[in-house]
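Written below as structure tokens is the structure these notes are about.
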Amino acid sequence: MQKIKGMILAAGQGTRVRPLTQNLPKPMIPILGKPVMEYLIEHLARYGVDEIMVNVAYKHYKIENYFGNGSRWGVDIGYSFEGKYEYGEITPKAMGSAGGMRKIQDFGGFFDTTTIVLCGDALIDLDIGSAVQEHKAKKAMASVITLEVPNEEVGNYGVVETDKDGRIIAFQEKPKPEEARSNFASTGIYIFEPEVINLIPPGMVFDIGSQLFPMLAEKGMPFYAQKRFFNWIDIGHVHDYWVVSQRVLNGEIAQMQMPGKEIKPGIWVGINTRIDWDHVKIKGPVYIDSGVCIEAGAEIAGPAWIARGSHICKNARVIRSVLLEYTRISPGMTFEECIVSPSYCVEHRSGETYYLGDDRTQLRWGDARGR
């Protein structure tokens, strides 16, 4: 594959994914103990994409401190902070997906070859080499990787209308189902030539989907959609996180191996755990991270992920749920299809969030954190 560069969009606040993003930028949301963005970097590295820029804003230091210069993954990572420094404080201010790329280009001219652009909040197993090859074969200036979605869901995505050759003639950002011109949705994966970056107005907040793409379509540029079959799991809303975890645990994403050691069929365990194996019921797929304690009488039914340092007390039940780091489930409590942390619980079915200290939480949850 021809040498290409990578760009990960990571400057958003992730408001639709709260409370998961109360203290984390969205790309740092963990899946089986690793940030979503780490899976993206590993995937880019597999295809030889070893120069990667990341635009950051909200809680930028958590991304920068974790990934550093990228040497752990055999890549070079650079960062572009979007915001301002005044009165001794740094204030994040995102410039939009396209505006952030133009800022990078104006600063150091990073985009001097074909670049693949990924949103930092999705898991993918796209064949990047094949996608770039198609992009080159069509002599495209910009390519959008698309997937077909049900008509009732088009309002969640940007959708593209193409001619018979796949050339994009119109782009709609989150249309109403009755107004949508197609049901092929943009996955937030793009391939750009440098000339496209230079079309973005400098110094402005500018969006790829709602502003840059309509511009390319209006100008009649060689702008193509690729219809590919691959796994794309987007964490667009908080309830998606539960779905993502279920799919990953069920082995639906290629090249995502379960961490830990498989000690029983479908049960993976990290090091230094304390589990009363003779008196617990665990049905996989389940991943139990390091430092977890599971007492006698407890029951876990997968798909489930029990994160590092968690404690499941006597006779408690965890059913198709995710326990985030250092969560304690009190004796006899049951959580089914939930995301549980030391401070909140999100129910998948109802979509409701309960916080520790809320009266409703005390009745439904008990002492989830412990003392």
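The values are calculated or read from the model by the stated rules, or taken from the named source; none is laboratory data. It should be emphasised that the depicted structure is a prediction, and the values quoted were computed from it without experimental measurement. With ideal geometry, Cβ positions are generated from the backbone for all residues, glycine too; neighbour counts draw on all protein chains shown.
Tabulated data for the structure shown
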{"item": "Positions within the range 207-236 being part of a helix (DSSP H, G or I) and among the small types (Gly, Ala, Ser), in sequence order", "result": "Gly209, Ser210, Ala217"}
{"item": "Qualifying position, being under 28 Å from Gln2 (Cα atoms), in the same structural domain as Ile29 (by TED's automatic domain parsing) and without any contact (Cβ under 8 Å) to a residue 12 or more places away in the chain, among Lys164, Lys136", "result": "Lys164"}
{"item": "Whichever residue in the range 1-10 is out of contact with any Lys or Arg (no Cβ under 9 Å at 6 or more places or on another chain) and either modelled with pLDDT under 75 or assigned to a loop (DSSP other than H, G, I, E, B) (or both) and, among such residues, is nearest to Leu323 (Cα to Cα)", "result": "Ile4"}
{"item": "Filtered residues of the range 64-95 (kept if of a type in the set (Ser, Thr, Tyr) and out of contact with any Gly (no Cβ under 8 Å at 6 or more places or on another chain))", "result": "Tyr66, Ser71, Tyr79, Tyr85, Tyr87"}
{"item": "Every pair of residues 6+ apart whose Cβ atoms lie under 6 Å, when the first sits in the range 54-68 and is modelled with pLDDT under 90 while the second is of a type outside the set (Gly, Ala, Ser)", "result": "Ala57/Glu82; Ala57/Pro92; Tyr58/Gln13; Tyr58/Pro25; Tyr58/Pro92; Lys59/Pro25; His60/Phe81"}
{"item": "The range 82-134: number of residues that are aromatic (Phe, Trp, Tyr) and at pLDDT 90 or above", "result": "3"}
{"item": "Unmet requirement for Asp76, which otherwise passes all of (1) over 20 Å from the mean Cα position of the chain (by Cα); (2) of a type outside the set (Ser, Thr, Tyr); (3) modelled with pLDDT under 95", "result": "(3)"}
{"item": "Enumeration of residues in the range 281-298 that are farther than 20 Å from Asn250 by Cα and part of a loop (DSSP other than H, G, I, E, B)", "result": "Ser290, Gly291, Val292, Glu295, Ala296, Gly297, Ala298"}
{"item": "Given (1) touching a residue at least 40 places away in the same chain (Cβ under 8 Å); (2) not assigned by TED's automatic domain parsing to the domain that holds Leu118, number of the condition Glu262 does not satisfy", "result": "(1)"}
